[in-house]
Amino acid sequence: FSAREHEKHAEIHWEAPADPDIDMVRIERNTGSGWTRVGIAPAEEGGAIDWLGSTGVTARYRVIASDMGLLTSAPSDSATITTRPLTDDEFLDRTQEAAFRFFWDHGHPVSGLSRERTTSGDVCTSGGTGFGIMAMIMAADRGFVSRDDARARVQKIVTFLRTQVPQYLGAYPHWINGATGQPVPFLYS
C-alpha cells in the first residue's frame, strides 16, 4: 500500500489481491479527526484518486479489503501525504505516467489490447491499442516499467492481432473482443 501527493489530490495504490474472493477495497482518510471512508473500489483496480482541493493538506490513508459477503480484513498500514505545488517537470512526469498506467493497468488480460474504457469488459479498441503501445515504449524509456515487461506486453498484443483478429482490406476492426479476437459491431440507437 502506498499514497503519493499531487497538487490537490492524493493517488492511492494497493497490490491487487491474489485471492479471487477479495472483491472490494474501502479507502479511508484521516486528516486529524479520525478515519473517514472516502471511497470504495474494485480490489483488482489497484488504485484510486482522492480529491483534497488545495495544497498544504496533510492526510493519512489506509485500505480495508472485503469479500462479497462483506467480511473485512484488518486495515492496511497507513501512508501519509501532504499536497504541494509540483514543478513543471514533476507535473509532466506524473501526467505521462498516468496516461501509461491507463493502458497498462486496464489492458485486456487475454490479449493485452487496450479496452475501450475501464468498464468495457472484453471490448477493446485497435486505435487505443496503438496509443497504448506508444505509451509502453515511452514508459520503458522513462523507467515506469521494465523494458522486458514492456516488450512482453507488446509481443502478447502483436501475437494476438496476428493470430486471432481478422483484417479487412489490411486493417483491423475498430472494436475487437479482447478474449476471442472477433470484431465487435458498432450499435446505433
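The values are calculated or read from the model by the stated rules, or taken from the named source; none is laboratory data. These numbers come from a predicted model, not from an experiment. Note: ideal-geometry Cβ built from the backbone for every residue, glycine included; neighbour counts use all protein chains shown. These accessible areas exclude ligands, DNA and RNA; they are computed on the full protein's heavy atoms, side chains included. Shrake-Rupley method; radii C 1.70, N 1.55, O 1.52, S 1.80 Å.
Observations on the model:
- Subset of segment 39-54 [open to solvent by less than 40 Å² (accessible area, probe 1.4 Å) and either over 18 Å from E5 (Cβ atoms) or part of a loop (DSSP other than H, G, I, E, B) (or both)]: A41, A43, G46, L52, G53
- Among the conditions (1) out of contact with any His (no Cβ under 9 Å at 6 or more places or on another chain); (2) touching a residue at least 40 places away in the same chain (Cβ under 8 Å), G178 misses just one, which is (1).
- Scanning segment 71-127 for residues that are touching a Cys at 6+ places or on another chain (Cβ under 7 Å) and either open to solvent by less than 40 Å² (accessible area, probe 1.4 Å) or assigned to a loop (DSSP other than H, G, I, E, B) (or both) returns H108, S111, L113, S114, E116.
Yes or no, residue by residue, for (1) within 20 Å of the chain's Cα centre (by Cα); (2) part of a helix (DSSP H, G or I); (3) buried (at least 19 other Cβ atoms within 10 Å of the Cβ); (4) modelled with pLDDT under 95:
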{"position": "G130", "(1), (2), (3), (4)": "yes, yes, no, no"}
{"position": "M136", "(1), (2), (3), (4)": "yes, yes, yes, no"}
{"position": "A140", "(1), (2), (3), (4)": "yes, yes, yes, no"}
{"position": "D149", "(1), (2), (3), (4)": "yes, yes, no, no"}
{"position": "A152", "(1), (2), (3), (4)": "yes, yes, no, no"}
{"position": "L161", "(1), (2), (3), (4)": "no, yes, no, no"}
{"position": "G181", "(1), (2), (3), (4)": "no, no, yes, no"}
{"position": "L187", "(1), (2), (3), (4)": "no, no, no, yes"}
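- Residues being over 21 Å from the mean Cα position of the chain (by Cα), closer than 13 Å to T129 by Cα and open to solvent by less than 60 Å² (accessible area, probe 1.4 Å) - total across segment 166-179: 1
- Candidates in segment 13-38 are the residues that are at pLDDT below 95 and in contact with an Asp or Glu (Cβ under 7 Å, 6 or more places away or on another chain); of these, the one that is surrounded by the fewest Cβ atoms within 10 Å (Cβ to Cβ) is D21.
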